[in-house]
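Following: one structure in structure tokens, then a few remarks.
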Amino acid sequence: EAQVTQNPRYLITVTGKKLTVTCSQNMNHEYMSWYRQDPGLGLRQIYYSMNVEVTDKGDVPEGYKVSRKEKRNFPLILESPSPNQTSLYFCASSLNFGGETYNEQFFGPGTRLTVL
Amino acid sequence: SQQGEEDPQALSIQEGENATMNCSYKTSINNLQWYRQNSGRGLVHLILIRSNEREKHSGRLRVTLDTSKKSSSLLITASRAADTASYFCATDAYSSASKIIFGSGTRLSIRP
């Protein structure tokens, strides 16, 4: 089944404790992206990746890191989480997005993160 | 920065009626997409419309795009209880065409 998976689905952690949220897609998509969703603010893009080893900042990259070493995986790293990073996080992938080609995004189920 | 702003923020209609949601954006775009989200779940893609298109249909969904007014509308005809969800528009940021900006969404409730 074609899908985007995220792990963990729920995480409660404390300020400053490094964490990684994994994202994996099995559709051979080139484009992957991370979003956070906060009440009243919709989704805001954190980072995106056009392809392996190519990443770029979205609207709210501060406090986050990403890497794209393989096409299928796009982990989100919080080196030193803070309470203002408490949010619902979504990973998404698309065959292509940019240049001449735009395709739909497929979203993962979300990761609810609480930073105490 | 938010590119797309949906209007209204919330909409409640009777089952069977049509629902119209609007999205306005600020800069030139290459494409605009509409997504649906059921409470706290992942988003589901509905329709993508390119900047050179004016209208697209998919089942009970009709999307229009007016680039001169920088606006789009999503029409859901003959609404059903299962259409209850939040609806978001998303655009690329023209100057950075692979960046995606979402609006804050319209919460649609269908009354039985």
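The values are calculated or read from the model by the stated rules, or taken from the named source; none is laboratory data. Just so you know, these numbers come straight off a predicted model, no measurement behind them. Ideal geometry is used to build each Cβ from the backbone, glycine not excepted, and the neighbour counts take in all protein chains shown.
The table below gives the values:
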| item | result |
| --- | --- |
| Residues that are away from every other protein chain (no Cβ under 13 Å) and within 15 Å of the chain's Cα centre (by Cα), drawn from region B:8-22 | B:8, B:11, B:18, B:19, B:20, B:21, B:22 |
| Residue among B:35, B:25 that is in contact (Cβ under 8 Å) with a residue 12 or more places away in the chain, in contact with a Gly (Cβ under 7 Å, 6 or more places away or on another chain), within 14 Å of chain A (Cβ to nearest Cβ) and not hydrophobic (A, V, I, L, M, F, W, C) | B:25 |
| Residue pairs meeting the criteria (Cβ under 6 Å; at least 6 apart or on separate chains; first facing another protein chain (nearest Cβ under 9 Å), in region A:34-51; second part of a strand (DSSP E or B) and among the acidic types (Asp, Glu)) | A:48/A:56 |
| Positions within region B:73-99 being without any contact (Cβ under 8 Å) to a residue 60 or more places away in the chain, out of contact with any helix residue (DSSP H, G or I) (no Cβ under 7 Å at 6 or more places or on another chain) and assigned to a strand (DSSP E or B), in sequence order | B:73, B:74, B:75, B:85, B:86, B:96, B:98, B:99 |
| Some residue of region A:59-70 being within 21 Å of residue B:92 (Cα to Cα), within 11 Å of chain B (Cβ to nearest Cβ) and among the β-branched types (Val, Ile, Thr) | yes |
| Test for residue B:40: is it under 20 Å from residue A:106 (Cα atoms) and either more than 9 Å from chain A (Cβ to nearest Cβ) or surrounded by 13 or more Cβ atoms within 10 Å (Cβ to Cβ) (or both) | no |
| Candidate set from region B:63-103 (those that are under 14 Å from residue B:11 (Cα atoms) and within 12 Å of another protein chain (Cβ to nearest Cβ)); member that is surrounded by the most Cβ atoms within 10 Å (Cβ to Cβ) | B:88 |
| Any hit, region A:76-85, residues being within 13 Å of the chain's Cα centre (by Cα), over 27 Å from residue B:36 (Cβ atoms) and more than 12 Å from chain B (Cβ to nearest Cβ) | yes |
| Members of region A:61-100 that are modelled with pLDDT under 95 and among the aliphatic types (A, V, I, L, M) | A:95 |
| Residue A:94 vs. criteria in contact (Cβ under 8 Å) with a residue 12 or more places away in the chain, within 14 Å of chain B (Cβ to nearest Cβ) and of a type in the set (S, T, N, Q) | yes |
